[in-house]
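Structure first, commentary second.
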Amino acid sequence: MHKIGILTSGGDCQGLNAAIRGICKALYKEFGGDNLEIVGFLNGYKGLIKKEYKILKPLDFFEIIGLGGTILGTSRLPFKKLKDIEDDQIDKVETMKKSYREMGLECLLVLGGNGTQKTANFLSNEGLNIISLPKTIDNDIWSTDMTFGFHSAVNAATLFIDNIYTTAKSHGRIFIVEIMGHKVGWLTLYAGIAGGADIILIPEIPYNAESILKCIENNRKEGKNFSIIAMAEGASSNLILNQDNNQGKKKSVSYELAIELSKFTTQEIKVAIPGHYQRGGSPCPYDRILATEFGAAAAELVKQKAYGKMVSLKNGKISSTDLNEIAGKLKAVPYECDMIKNARNVGICFGDCD
């Protein structure tokens, strides 16, 4: 009897259920229903710690390819707190190892982003048989060209910008659309280009207000009475100091920028933040396909007993990478990448001096 564990960890995103389906269907096809038990741990690594799970049967995953979120639930377990003993007095690492062994798991399949991959690698180095799949709307996992969830979030953010476009034009306003992405700007870059933004601000390129104002002024000179700024939530400028609101909480970067720009223009400035809307809803066809392929590839790694690896996409082909090679690395937007060069060539401003 093959006993395989599976969990989804970290932030939710579109495509998780499609990946679960791909894994389970491929495993059932390989091992058969009489020789396989798939243990779905609930709410991420917490389910492994607490031994909270459900046995996944074919009826659980046949119709979930287009369902958003995750049927297993998810939670965050920050890697930096992995070894901390908290108020519950639970040694998380030792408890996960104990649960894995007591349940007789052959291996554990982990679906998650950067933090999840670091924990997966740690558990792999602790002796557990781990195979991981890369999911995140940020597309910032090292050694894979694409993560599932990313293109669905691009679609959501682009649609949001499209809808802002019409109201911005009607009122002649400057709109700052704040898009998810604390550390990298892939989502803002893709959605900004697809949504026709005039200005794209990402964490990898520090911006200054003068360049942004120059772009806005050029729009006005050309007869365009509005401007759209696509701004990653992690974008920053040395010219803008963090400001606090009345509750003592840090204002979002888009409001900081709006305050800064309002000092130099009388044009009305509005901020729009789609927030978790970008993570929700059904996965787009691309993510359904990619997640299914990743799931099938993960099942193949199980068959081969090729543990300690993450399924990845490289140059259009599904492959795998050692977890040791990716853990702790971030795939940022290269300053000289073709997308940025081509965006500049069509007149998009990135808030720097170019």
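Yes/no matrix, rows are residues, columns are (1) in a loop (DSSP other than H, G, I, E, B); (2) over 27 Å from ASN139 (Cα atoms); (3) among the hydroxyl-bearing types (Ser, Thr, Tyr):
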position	(1), (2), (3)
ASP12	yes, no, no
LYS46	no, no, no
ILE55	no, yes, no
LEU59	no, yes, no
In this structure, is THR119 open to solvent by less than 60 Å² (accessible area, probe 1.4 Å), touching a helix residue (DSSP H, G or I) at 6+ places or on another chain (Cβ under 9 Å), among the β-branched types (Val, Ile, Thr) and closer than 23 Å to ASP138 by Cβ?
yes
Quick one: would you say ILE4 is surrounded by 20 or more Cβ atoms within 10 Å (Cβ to Cβ), aliphatic (A, V, I, L, M) and part of a helix (DSSP H, G or I)?
no
Quick test of your reading of the structure: ALA332 fulfils all but one of (1) in contact with a strand residue (DSSP E or B) (Cβ under 7 Å, 6 or more places away or on another chain); (2) in a loop (DSSP other than H, G, I, E, B); (3) among the hydrophobic types (A, V, I, L, M, F, W, C). Name the failing condition by number.
(1)
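For (1) over 22 Å from PHE150 (Cβ atoms); (2) buried (at least 21 other Cβ atoms within 10 Å of the Cβ), each residue gets a yes or a no:
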{"site": "ALA272", "(1), (2)": "no, no"}
{"site": "LYS305", "(1), (2)": "yes, no"}
{"site": "THR321", "(1), (2)": "no, no"}
{"site": "ILE340", "(1), (2)": "no, yes"}
Would you mention how many residues in the stretch 139-184 are aromatic (Phe, Trp, Tyr) and within 20 Å of ILE212 (Cα to Cα)?
2
In the stretch 172-198, the residues that are crowded, with 24+ Cβ neighbours inside 10 Å, within 25 Å of GLU222 (Cβ to Cβ) and not aliphatic (A, V, I, L, M):
PHE175, THR188, GLY192
Taking the stretch 206-232 and the residues there that are under 27 Å from LEU330 (Cα atoms) and surrounded by fewer than 19 Cβ atoms within 10 Å (Cβ to Cβ), the one that is farthest from the chain's Cα centre (by Cα) would be ASN208
Of all the residues that make up the stretch 298-318, how many are assigned to a strand (DSSP E or B) and touching a residue at least 12 places away in the same chain (Cβ under 8 Å)?
7
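The values are calculated or read from the model by the stated rules, or taken from the named source; none is laboratory data. Computed from a predicted structure; not experimentally measured. Because the Cβ atoms are built from the backbone with ideal geometry, glycine has one as well, and the counts that use them run over all protein chains shown. Ligands, DNA and RNA are excluded from the accessible area calculation, which covers all protein heavy atoms including side chains. Shrake-Rupley method; radii C 1.70, N 1.55, O 1.52, S 1.80 Å.
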